[in-house]
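*Asks:* One structure follows; several queries about it will come next.
The values are calculated or read from the model by the stated rules, or taken from the named source; none is laboratory data. In this text the structure is predicted, and so the values were computed from the model without any measurement. Virtual Cβ from ideal backbone geometry, glycine too; neighbours counted across all protein chains shown. For accessibility, only protein heavy atoms count, side chains too; no ligands or nucleic acids. Shrake-Rupley method; radii C 1.70, N 1.55, O 1.52, S 1.80 Å.
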Amino acid sequence: MVHYGFDFSERYKVPVMLRITTRLAHSRAGVKRRDPRKKNDLKLPEDLHQFVLLPAIARKRYHNLLKMQDLFRQESETSSFNQYMDGPDKSLGIIVCGIAYNYLLENYPDRHVPYPILKIGQYPLPKKMIERLYAECKEILVLEDGYPIVEESLKGLLGKGLKIKGRLDGTIPRDGELNPNIVAVSLGMKNTYGMPVPSLMVGRPPSLCSGCPHIDSFKALNEVLEGLPKGRVFSDIGCYTLGALKPYEAINSCVDMGASITMAKGAADAGLVPSVAVIGDSTFAHSGMTGLLDAVNDKSPITIFILDNGTTAMTGGQDSPAFGKIETICKGIGVEEEHIHVLRPLKKFHKENVKIIKEELAYPGVSIIIPRRECIVAIDKRVREKFKKAAIV
Amino acid sequence: MKRDIILAGVGGQGIISIAAIIGTAALEQDLFLKQSEVHGMCQRGGDVQSNLRISDKEIASDLIPYGKADLIISVEPLEALRYLPFLSPDGWVVTSTKPYINIPEYPEMDKVMDEIRKLPHYIALDADELAKEIGTLKAANIVTLGAASPFLDMQFDKLEDAICSIFRNKGADVVNKNLQALKAGKDFTERQMNP
């Protein structure tokens, strides 16, 4: 499909997107590899205005794109990724997309589905195929993972009349991941739910590792903020987002990368003081710096924690792009040197850390607190690699 | 031949290694394989679950339907119980009895074991203890895999080959310890089945 997508993109000079829903992104299987294709020669664009989206050019590009829609539709009607598979029982016609097709087949051990099936893998929707299914069947069932994209599109494509079953009429739950059981039940088959989960079962949410430096940072922050109404700590995405859960309950937001600083700034500008941002060293490098510049320019009264564990822990321990540069970056952006503090997040320094944080929360400008201690998983990995090397030598 | 397996445990307990070993062995035997990480495999300390399906025929769904799993392999006793709705009436549960207590409300261990003993088909072993005897606590996951090996409908030496290839980079000692762990688990189950 990816090969086809690249070819399609080259042929029509349009971007092609591969849409993979929940489960497909987390599945593996044995694959047969084909020979890699020779890399295309590097080529500069023939149309030098192609990527210059000035309004006048953008209007023209959009007009051309619209003109190509008929071609795309024709491609869809004949694409091998859109298949009409006839079946003898016309009481139901099934429109099925992507991984939902796997779930459908799972419910027929001999892999023979009695109903006509339209399997859709390429957009725009193949209108003629849909019209055929609509004309030949009494009801339509739409099976797709994630949002009901195809089901909603049918509304504009088909006239009123046949019942369309799917996420919108409640045949399939409106939200949540699709699975073979939901598909079975939607086809009138029985649910094969096995033994119930014993009543003693409890949830087990993910947690910070014992010995994690973030734990000490959160303990210090919590102590400083004790007594103040909660909801003033804006955070970001990383292991430290787990600080929102019990027992710490130290942070109150995780929206998008870098939003800790911009949200804290917005809150402070609106009058919330103290206002705190908590961001990891890698996230800071990725998208915290622009927000910091804005806060410095406006001298917003915020305290920013840059939790520096020396690695990108959550995604498996890649190097952090700001490694060894955080203070320099902050100074370069204009944070006053006396309001940049590096702390050692350890129990024995707790008191001292609390004191520094308290002072900086009281400062009516941008303060940076950098609790710095290596991720314990990263240490473990580093030490093991060192021993391995020693053993080889 | 078909084996639908649910792998369960707590993040960081080595479920990915179990999946990799069974998967490698399956592909070596030209079996079809689908593996799906159903729940937070990268989240330390949280419950994790992986679906592993192997078959000599093409596999349709990436997810195991309710009531169809032939085997639940769990490296932790409470986690073994979490996925019972997926177990087939003839299915086996192979679990380590060593609890991983990182939540304050972890149920009383006796009650957890009572629930396991209620199951029609189960193997429960203290994988940590057996791993310790071999000299590495880290191989507890492989002990559990060994205990499940008689239910995999797979040649034992294919699992051994997979361990050799997956742990090769970690040195001969690691490979040998893991081979011993696999054998120790297998021996435990064989003793249980043929006392």
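*Asks:* Please go through segment A:28-44 and give me each residue that is surrounded by 10 or more Cβ atoms within 10 Å (Cβ to Cβ) and either assigned to a loop (DSSP other than H, G, I, E, B) or in contact (Cβ under 8 Å) with a residue 12 or more places away in the chain (or both), ordered by number.
*Replies:* Scanning segment A:28-44 gives a single hit, A:GLY30.
*Asks:* Go over the candidates B:ALA124, B:ALA60, B:ALA148, B:ALA139 one by one and state the one that is open to solvent by less than 40 Å² (accessible area, probe 1.4 Å) and in a loop (DSSP other than H, G, I, E, B).
*Replies:* Step by step, each of B:ALA124, B:ALA60, B:ALA148, B:ALA139 is checked, and only B:ALA60 is open to solvent by less than 40 Å² (accessible area, probe 1.4 Å) and in a loop (DSSP other than H, G, I, E, B).
*Asks:* Among A:PRO180, A:PRO205, which is within 28 Å of the chain's Cα centre (by Cα) and under 27 Å from A:ASP380 (Cβ atoms)?
*Replies:* Just one listed residue meets the conditions, A:PRO205.
*Asks:* Within segment B:56-79, identify whether any single residue is touching a Lys or Arg at 6+ places or on another chain (Cβ under 6 Å) and more than 7 Å from every other protein chain (Cβ to nearest Cβ), and answer yes or no. Break it down into steps so the answer makes sense when it comes.
*Replies:* So the first thing to find is which residues in segment B:56-79 are touching a Lys or Arg at 6+ places or on another chain (Cβ under 6 Å), and the list is B:59, B:62, B:70.
Still in the list and also more than 7 Å from every other protein chain (Cβ to nearest Cβ): B:59, B:70.
The answer is yes, given that some residue of segment B:56-79 is touching a Lys or Arg at 6+ places or on another chain (Cβ under 6 Å) and more than 7 Å from every other protein chain (Cβ to nearest Cβ).
*Asks:* OK, next. Count, please, the residues in segment A:348-387 that happen to be modelled with pLDDT under 95 and open to solvent by 90 Å² or more (accessible area, probe 1.4 Å).
*Replies:* Of the residues in that region, 5 qualify.
*Asks:* Separate question: Conditions: (1) open to solvent by 80 Å² or more (accessible area, probe 1.4 Å); (2) closer than 26 Å to A:GLY194 by Cβ. B:ASN194 meets all but one. Number of the miss?
*Replies:* Of everything listed in (1) open to solvent by 80 Å² or more (accessible area, probe 1.4 Å); (2) closer than 26 Å to A:GLY194 by Cβ, B:ASN194 misses just condition (2).
*Asks:* Report yes if some residue within segment B:100-113 is over 20 Å from B:PRO150 (Cα atoms), more than 13 Å from chain A (Cβ to nearest Cβ) and within 17 Å of the chain's Cα centre (by Cα); otherwise report no. Step through it out loud before you land on a result.
*Replies:* If we filter segment B:100-113 for residues that are over 20 Å from B:PRO150 (Cα atoms), which is where we start, we get B:100-113.
From the residues that got through so far, the ones that are more than 13 Å from chain A (Cβ to nearest Cβ) too are none.
There is no residue in segment B:100-113 that is over 20 Å from B:PRO150 (Cα atoms), more than 13 Å from chain A (Cβ to nearest Cβ) and within 17 Å of the chain's Cα centre (by Cα).
*Asks:* Scan segment B:93-113 residue by residue and report those that are assigned to a strand (DSSP E or B) and either surrounded by fewer than 24 Cβ atoms within 10 Å (Cβ to Cβ) or among the aliphatic types (A, V, I, L, M) (or both).
*Replies:* Listed by number, the residues that qualify are B:VAL93, B:VAL94.
*Asks:* Only one of B:ILE5, B:ILE16 is more than 9 Å from every other protein chain (Cβ to nearest Cβ) and closer than 21 Å to B:ASP153 by Cβ; which?
*Replies:* B:ILE5
*Asks:* Specify which of the listed residues (A:LEU307, A:LEU292, A:LEU361) is on the phi < 0 side of the Ramachandran plot, within 28 Å of the chain's Cα centre (by Cα) and assigned to a helix (DSSP H, G or I).
*Replies:* Numbers: A:LEU307 fails: assigned to a helix (DSSP H, G or I); A:LEU361 fails: within 28 Å of the chain's Cα centre (by Cα).
A:LEU292 is the lone residue from the list that is on the phi < 0 side of the Ramachandran plot, within 28 Å of the chain's Cα centre (by Cα) and assigned to a helix (DSSP H, G or I).
*Asks:* Sticking with this structure for a sec: Right, B:ASP90: in contact (Cβ under 8 Å) with a residue 60 or more places away in the chain, in contact with a strand residue (DSSP E or B) (Cβ under 8 Å, 6 or more places away or on another chain) and not in a loop (DSSP other than H, G, I, E, B) or not?
*Replies:* No, not satisfied.
*Asks:* How many residues are in contact (Cβ under 8 Å) with a residue 40 or more places away in the chain, more than 7 Å from chain B (Cβ to nearest Cβ) and either touching a Gly at 6+ places or on another chain (Cβ under 6 Å) or assigned to a loop (DSSP other than H, G, I, E, B) (or both) when one looks only at segment A:186-207? Break it down into steps so the answer makes sense when it comes.
*Replies:* Step one: of segment A:186-207, the residues in contact (Cβ under 8 Å) with a residue 40 or more places away in the chain are A:186-187, A:189, A:205.
In the following step, the residues that additionally are more than 7 Å from chain B (Cβ to nearest Cβ) were identified as A:186-187, A:189.
Within this subset, residues satisfying the condition of being either touching a Gly at 6+ places or on another chain (Cβ under 6 Å) or assigned to a loop (DSSP other than H, G, I, E, B) (or both) are A:187, A:189.
Counting residues in segment A:186-207 that are in contact (Cβ under 8 Å) with a residue 40 or more places away in the chain, more than 7 Å from chain B (Cβ to nearest Cβ) and either touching a Gly at 6+ places or on another chain (Cβ under 6 Å) or assigned to a loop (DSSP other than H, G, I, E, B) (or both) gives 2.
*Asks:* Which residues, taken from segment A:256-289, are in contact with a helix residue (DSSP H, G or I) (Cβ under 7 Å, 6 or more places away or on another chain), β-branched (Val, Ile, Thr) and not in a strand (DSSP E or B)?
*Replies:* Across segment A:256-289, the qualifying residues are A:ILE261, A:THR262.
*Asks:* Anything in segment A:364-393 that is farther than 16 Å from A:VAL335 by Cα, away from chain B (no Cβ under 14 Å) and not in a helix (DSSP H, G or I)? List them, or say none.
*Replies:* The answer is A:PRO371, A:ARG372, A:ARG373, A:GLU374.
*Asks:* Can you tell me which of (1) open to solvent by less than 30 Å² (accessible area, probe 1.4 Å); (2) more than 14 Å from chain B (Cβ to nearest Cβ); (3) modelled with pLDDT of 95 or more; (4) under 22 Å from A:PHE218 (Cα atoms) is the one A:SER300 doesn't meet?
*Replies:* It is condition (4) that A:SER300 fails.
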